[in-house]
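Reading through the structure tokens given below for one structure.
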Amino acid sequence: MAFPTLALLHGFLGFSRRGPIEYFRGVKEALNKMHIVPLIPEVPSAGTIAERAEVLARKLFRTDVPAFALAAHSMGGLDARYLITYLDPDRRVKSLLTVSTPHRGSLLATWMLESRGPIPAWFRYVGRPALDELTPEACAATPIPDREDVNYSSYASCRHADELPFWFRPYGSMIQEDNDGMVPVSSAHWGNFRGIVRADHLELLGWSLGLPDAQSGRPFDHLHFWTRAATDAMTAAEEKTS
């Protein structure tokens, strides 16, 4: 039996690589050391969930890989759920692990769409149409059912307001519940909930924009987290193929 192939999926306004800059900073190299060779497909950074999922399906399924384990950050988890339900007729995806995915939307998206000022205006300019689909109302209006033969699991991330980088704090305070500066903890729950990690939304990827602080556990050990998450996703996929 062949091992499932791991794919890491990027989020809103994300990418695979831009020159020396990796979205999943250093994660591919860390996985390679474990003899795991992940796919990191790039999808339209601000496309709709359906558009992003269609590109993802073309990139994954053009190969003859029989089984996939998906590990997704942020909006990538919504893309993956859409693909699994609507674009995988051969049922090759066996597991999905989401990390800080706004399954039920985020009020931050609502603020970006409705507020005045240069920052929300910029996000509307670069982030549509994806941004329109990340509000709580949009997620509730277009539910994506699970597939019974797929293992779904999730992590949330959270930092208290005083632990967030100063430029993140105004956005985290808009959400008015535990969050990582962008996504509420309650919205990140899906399937088997594996817990809450102490990190902000970008720190999860290895991009820590706050000063190092041992008391608050900054910077977050993202390489340890993603290697463990990858192993868990692949184990879950193997169980579904056995």
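The values are calculated or read from the model by the stated rules, or taken from the named source; none is laboratory data. Note that the coordinates shown come from a computational prediction; the quantities given were computed from them, not determined experimentally. All Cβ positions, glycine included, derive from the backbone under ideal geometry; neighbour counts span all protein chains shown. Surface accessibility is based on the protein's heavy atoms, side chains included, excluding ligands, DNA and RNA. Shrake-Rupley method; radii C 1.70, N 1.55, O 1.52, S 1.80 Å.
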Quick check on the stretch 57-66. Is at least one of its residues among the small types (Gly, Ala, Ser), within 21 Å of Thr142 (Cα to Cα) and at pLDDT 95 or above?
yes
Considering only the stretch 52-68, state which residues are buried (at least 17 other Cβ atoms within 10 Å of the Cβ), touching a residue at least 60 places away in the same chain (Cβ under 8 Å) and of a type outside the set (A, V, I, L, M).
Arg52, Phe68
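Yes/no matrix, rows are residues, columns are (1) open to solvent by 20 Å² or more (accessible area, probe 1.4 Å); (2) touching a Cys at 6+ places or on another chain (Cβ under 9 Å):
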| residue | (1), (2) |
| --- | --- |
| Met75 | no, no |
| Ile84 | no, no |
| Arg91 | yes, no |
| Leu97 | no, no |
| Gly105 | no, yes |
| Leu113 | yes, no |
| Gly117 | yes, no |
| Arg124 | yes, no |
| Arg128 | yes, no |
Single unsatisfied condition, Leu223 versus (1) more than 22 Å from Lys94 (Cβ to Cβ); (2) hydrophobic (A, V, I, L, M, F, W, C); (3) part of a helix (DSSP H, G or I); (4) open to solvent by less than 40 Å² (accessible area, probe 1.4 Å)
(4)
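Can you find, within the stretch 14-51, the residue that is most open to solvent (accessible area, probe 1.4 Å) among those that are part of a loop (DSSP other than H, G, I, E, B) and of a type in the set (Lys, Arg)?
The qualifying residue most open to solvent (accessible area, probe 1.4 Å) is Lys33.
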Enumeration of residues in the stretch 170-188 that are modelled with pLDDT of 95 or more, part of a helix (DSSP H, G or I) and among the hydrophobic types (A, V, I, L, M, F, W, C):
Val185, Ala188
Please determine whether any residue of the stretch 120-132 is of a type outside the set (Val, Ile, Thr), closer than 28 Å to Gly206 by Cβ and outside any helix (DSSP H, G or I).
yes
Within the stretch 141-163, restricting attention to residues that are without any contact (Cβ under 8 Å) to a residue 12 or more places away in the chain and of a type in the set (Asp, Glu), which residue is surrounded by the fewest Cβ atoms within 10 Å (Cβ to Cβ)?
Glu148
Taking interchain pairs and intrachain pairs at least six residues apart, which have beta carbon atoms under 9 angstrom, with the first residue in the stretch 1-24 and touching a residue at least 24 places away in the same chain (Cβ under 8 Å) and the second open to solvent by 50 Å² or more (accessible area, probe 1.4 Å) and part of a strand (DSSP E or B)?
Thr5/Leu39; Leu6/Leu39; Ala7/Leu39; Leu8/Leu39; Phe15/Ile21; Tyr23/Arg17
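For every residue, the table says whether it meets (1) of a type outside the set (D, E, K, R); (2) over 19 Å from Ala130 (Cβ atoms).
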| residue | (1), (2) |
| --- | --- |
| Glu54 | no, no |
| Arg58 | no, no |
| Phe68 | yes, yes |
| Ala72 | yes, no |
| Arg81 | no, no |
| Lys94 | no, yes |
| Thr98 | yes, no |
